[in-house]
1. How large are Rg and Dmax for the range 90-143 when calculated on the C-alpha trace, in angstrom?
2. Once you keep just the Cα pairs under 8 angstrom separated by 6 or more residues, what percentage relative contact order results for the range 1-68?
3. Looking at the range 2-191 only, what percent of DSSP beta bridges run antiparallel? Nearest 5 please.
4. P(r) for the range 143-205, please, calculated from all Cα pair distances in 5 Å bins and given in %.
5. Which value, in Å to one decimal place, does the Kirkwood hydrodynamic radius take for the range 106-187 when every pair of different Cα atoms is included?
6. Which residue fluctuates the most in the chain, going by a Gaussian network model with Cα springs under 10 Å, if the choices are Lys116, Lys193, Lys17?
7. Taking the range 95-128, which chymotrypsin sites (Phe, Trp or Tyr not before Pro) meet the DSSP loop condition and have no more than 15 other C-beta atoms within 10 Å?
8. Note down, for the chain, the three equivalent ellipsoid semi-axes (square root of 5 times each alpha carbon gyration tensor eigenvalue), biggest first, whole angstrom.
Amino acid sequence: MKIAIIGTGNVGSALAKGFAKAGHKVITGSRDVSKSKNNELVKYSSNISQKTIKEAISEAGIVVFTTPPIPAVEVAGDFPELKEKIIIDTTNALFNPPAPYKTAFEGIKAKTGSSKVVKCFNTTGAENMENPRYGNLGIDMFMAGSDPESKNIVAGLAKDIGFEECYDFGGDDRVELLEQLAFSWINLAIFQKNGRNFAFKIIKR
């Protein structure tokens with residue numbers, strides 16, 4: 001698959017490395033293609049290339065937003081071709097929502113008119129994105145959205161990069177709940193000072 005990643009901060013970089021390692025073609029899209037972090041990612045794998053945001057979106061079948069929520073909604077409104085793409089929203093609007101929308105997910109759907117927006121890769125830290133394995137155990141990922149086919153593809157991507165399972169939280173009405181799960185991780189990691197090297201795992205009897 002060809003995957004565009006818009007935003008190459010910690011989460012975007014971790015996902016780019018994971019997707020590339022799994023054999024997917026990754027295109028990092030940015031306003032400034034000379035950014036050093038993008039250059040480092042290109043050196044990391046021959047499966048990663050860097051292009052403008054427009055080029056990345058045009059060439060990819062899947063577009064992953066890893067920017068803060070407000071820029072994600074702004075970019076979504078600039079490219080009508082996004083309507084035909086599978087869009088993955090990794091953002092959390094817990095502290096800075098993209099008004100008038102409660103979440104970037106809501107804004108991206110409104111701006112693009114796409115039914116293929118999936119919330120995923122937002123409930124844990126970048127360290128766990130880059131390495132979702134704890135010994136022989138793979139940690140879990142979670143997703144939400146209204147399009148079953150798109151969610152199946154996104155679940156496959158999560159497993160490709162090492163997550164054990166990708167659990168379906170439900171439709172668009174569960175996106176805010178999924179962001180609260182992210183806040184639970186942030187609370188434990190940062191505010192309760194447990195550090196970032198832990199993750200959520202569902203255990204079934």
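1. Radius of gyration, then largest Cα-Cα span, for the range 90-143: 14.1, 44 Å.
2. 47
3. Percent antiparallel among DSSP bridges in the range 2-191 is about 15.
4. Each 5 Å bin holds this share of Cα pairs: 4, 15, 20, 22, 22, 12, 4, 1.
5. Taking every pair of different Cα atoms in the range 106-187, averaging 1/r and inverting gives 13.1 Å.
6. Comparing Lys116, Lys193, Lys17 in a Gaussian network model of the chain, the most mobile one is Lys193.
7. In loop regions of the range 95-128 (DSSP not H, G, I, E or B), the sparsely surrounded chymotrypsin sites (Phe, Trp or Tyr not before Pro) are Phe95.
8. Working: eigenvalues 111, 84, 54 Å².
The equivalent ellipsoid of the chain has semi-axes of 24, 20, 16 Å.
Readers should treat all values here as calculations from the given coordinates under stated rules, not as data from a laboratory. On a predicted model such as this, the values are computed, not experimentally measured, just so you know. Every residue, glycine as well, gets a Cβ built from its backbone with ideal geometry; the counts of neighbours run over all protein chains shown.
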